[in-house]
Amino acid sequence: MQATKRVVLAEPRSFCAGVRRAIAIIELALERYGPPVYVRKEIVHNHYVVDQLRRRGAIFVDSEKEVPHGAVCVFSAHGVSPEVRASAKSRDLDVIDATCPLVSKVHQEAVRFAKAGRTLLLIGHANHEEIEGTYGEAPDRTIIIESVEDAERVDLPPDAELSYLTQTTLSIDDTRDIVAVLRRRFHNLSGPPGSDICYASQNRQNAVKEIAPDSDLILIVGSRNSSNSIRMVEVAKNSGTPAYLVPDVTELDETWLAGVSTVGVSSGASAPEILVEQLLDRLAELGYADVRTTTTVEEDVVFTPPARLTQPVSEK
């Protein structure tokens, strides 16, 4: 007799407050100023979201230098360096900043540590836009640490005045291991008052850990360039459950389901719920119609867009 097929759906999942705010900023800017609205880099790391906004009149560029002089330019949720801000100012761009407030907090901490004369150990992925932006706050005083091995290789004296910060979308467990190495090696190491890893990344990772023991397979909906989605896959695997990233339902490999009774499903903080719904519909067609939700925490965080986009247009 074959076991009942079912889905365990993790909650919370999908959009976090920073992503909702960033998307709303572009939508409001399009309403207020009309297309085109230029956006430096992908507003959030999800191809579906970017494609939807592009259809509405957003133009995504790799550099602010590609934006016409004086045009409206939105900075993505991942933040930018002071050099980028200066470049935008020199081009007289009408900048709307969609940087996630939690990323802005890390930038402020970087500036504070640098002004105090401390060397900054920045934990994260060197090619990620968030790290590029934070690094730019104090490039002459910052060392990027990508792994435990990097932490072991830092060539500084044990009594060096150091501070560490982390990319907001990292795995909690991996960050803990890196910080442990740094604390063992350096006696004068300080960190942020609280964890830099954002509440949403933390909550989604915890939810995956919760459903992993009850799942034969875990599917995480998210784009391949979404750091927080990739970390969720890693968390599931580290919990002992096979896991795959599914950018959208067309990339579901049905061979993964062989012998699987319970599928755990979640999604990264930049993945829209519609992509989860499409995956659930396909799983139902394949016999996984029994869907049960496991909630680990209720999220009620809200980040509001800039007032210039929400206040009535003043009449002249």
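Listed by position, the helices (runs of 4 or more DSSP H) enclosed by the stretch 96-185 that each have at least 3 residues that are β-branched (Val, Ile, Thr) are 101-115, 172-185. Consider residue 208 carefully, then state whether it is surrounded by 15 or more Cβ atoms within 10 Å (Cβ to Cβ) and part of a helix (DSSP H, G or I). Judged against the criteria, residue 208 is a match. Does the stretch 134-145 include one or more residues that are of a type in the set (Asp, Glu) and buried (at least 23 other Cβ atoms within 10 Å of the Cβ)? Taking every residue of the stretch 134-145 in turn, at least one turns out to be of a type in the set (Asp, Glu) and buried (at least 23 other Cβ atoms within 10 Å of the Cβ). Only residues that are at pLDDT 95 or above and under 17 Å from residue 135 (Cβ atoms): list them for the stretch 169-180, please. Listed by number, the list holds a single entry, 178.
Being in contact (Cβ under 8 Å) with a residue 40 or more places away in the chain and farther than 21 Å from residue 15 by Cα is a condition met by no residue of the stretch 266-281. Taking the stretch 227-246 as the range and being more than 25 Å from residue 43 (Cβ to Cβ) and without any contact (Cβ under 8 Å) to a residue 24 or more places away in the chain as the test, only 237 passes. The residues on offer are 39, 44, 7, 19, and the sole one that is hydrophobic (A, V, I, L, M, F, W, C), within 20 Å of residue 128 (Cα to Cα), modelled with pLDDT of 95 or more and in a strand (DSSP E or B) is 39.
Starting from residues that are over 25 Å from residue 21 (Cβ atoms) and of a type outside the set (A, V, I, L, M), keep the ones in the stretch 269-292 and report whichever is surrounded by the fewest Cβ atoms within 10 Å (Cβ to Cβ). Looking at residues that are over 25 Å from residue 21 (Cβ atoms) and of a type outside the set (A, V, I, L, M), I get 285.
The values are calculated or read from the model by the stated rules, or taken from the named source; none is laboratory data. The structure displayed is predicted, hence computed values, not measured ones. Quick reminder, even Gly has a Cβ in these numbers, built from the backbone with ideal geometry, and neighbours come from all protein chains shown.
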